[in-house]
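Have a look at the structure below before the remarks.
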Amino acid sequence: MNSLGNPGILKNHKTAFLCSRRYPASIVSKAYDWAIAQREAGNCIISGFHSQIEKDVFHFLLKGTQPIIMALARGLPRRLDRILKKEIDNERLLLVTPFEKYFTRVTVETAFRRNKFMLELADEIVVAHASAGGRLEKLLRQVKNKEIRGLVDDSRR
C-alpha cells in the first residue's frame, strides 16, 4: 500500500461508501442525507470518490472535521489540487492506493482492484446503488465477513 497523509486515520473504524456510475435518481437525496449524517457523527469514510454521487458525498464530508480516506485507482499523484493538499495538511485526509506511481491512468481494471483493496480496509460497507450485473455487484458478492448495507434496501446480498 502506498499512502499520502495522516496514516493514523487507518486506526479509525472505517465505513466504505460505493455507488455504481449509473444509479436511479431516487438514491441521490438519500446519499446526501447519509453523507451529512456521517459528517455530523464524525465517522471515518473511505471511498474512491470516483462516481458522481461519490464525488458529491466527498463534497458534503469536506464541510466537516472527521477523517476521510480516499482510495485511488492509480498511483499517488505528483501534484495535488489545493483542496486535497489543504485537507492532507490538516491531517484529516489520507490518500491510499494499491498501485505504484507509474500507474497514472484509471481503467476499469484498476478501479475494480481499488474497490477490492478499499473493501479489505473497511470495517463496514455502505452501497448507495450497485447496477444489476455490474462489476460492483460482482465484487460485493465476493465479500465475506463484513456487513453490507444499502441506502435504500438493506438486503444487498
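Taking the stated definitions as given, is GLU54 assigned to a helix (DSSP H, G or I), at pLDDT below 95, on the phi < 0 side of the Ramachandran plot and touching a Ser or Thr at 6+ places or on another chain (Cβ under 6 Å)?
Yes; evaluated as a whole, the condition is true for this residue.
Of the residues PRO67, PRO24, which is surrounded by fewer than 16 Cβ atoms within 10 Å (Cβ to Cβ) and touching a strand residue (DSSP E or B) at 6+ places or on another chain (Cβ under 7 Å)?
On the way: PRO67 fails: surrounded by fewer than 16 Cβ atoms within 10 Å (Cβ to Cβ).
Answer to the selection: PRO24.
Going residue by residue through segment 101-113, is there one that turns out to be surrounded by fewer than 17 Cβ atoms within 10 Å (Cβ to Cβ) and on the phi > 0 side of the Ramachandran plot?
no
I'd like the full set of residues that are closer than 16 Å to VAL57 by Cα and surrounded by 13 or more Cβ atoms within 10 Å (Cβ to Cβ), limited to segment 73-91.
Result: LEU84, GLU87.
Go through the residues of segment 15-37 one by one and say whether even a single one is at pLDDT 95 or above, more than 15 Å from the chain's Cα centre (by Cα) and charged (D, E, K, R).
no
Only one residue in GLU124, GLU137, GLU109, GLU120 is of a type in the set (Asp, Glu), closer than 27 Å to PRO7 by Cβ and over 15 Å from the mean Cα position of the chain (by Cα). Which one? Explain how you work it out, then say what you get.
Numbers: GLU124 fails: over 15 Å from the mean Cα position of the chain (by Cα); GLU137 fails: closer than 27 Å to PRO7 by Cβ; GLU120 fails: over 15 Å from the mean Cα position of the chain (by Cα).
Matching residue, one of GLU124, GLU137, GLU109, GLU120: GLU109.
The rows are residues; the columns are (1) within 20 Å of VAL96 (Cα to Cα); (2) part of a loop (DSSP other than H, G, I, E, B); (3) in contact with an Asp or Glu (Cβ under 9 Å, 6 or more places away or on another chain).
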| residue | (1), (2), (3) |
| --- | --- |
| SER29 | no, no, no |
| ALA35 | no, no, yes |
| ILE45 | yes, no, no |
| PHE58 | yes, no, no |
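Are there any pairs with C-beta distances below 9 angstrom linking a residue in segment 3-19 that is closer than 25 Å to GLU147 by Cβ to a residue that is surrounded by fewer than 20 Cβ atoms within 10 Å (Cβ to Cβ) and polar (S, T, N, Q), with the two at least 6 apart or on different chains, and if so which?
Partner pairs satisfying both residue conditions: LEU10/SER3; ASN12/ASN43; ASN12/GLN66; HIS13/ASN43; LYS14/ASN43; THR15/ASN43; CYS19/GLN52.
The values are calculated or read from the model by the stated rules, or taken from the named source; none is laboratory data. These figures come from a predicted structure and were not determined experimentally. Neighbour counts are summed over all protein chains in view; Cβ atoms, including those assigned to glycine, are modelled from backbone coordinates with ideal geometry.
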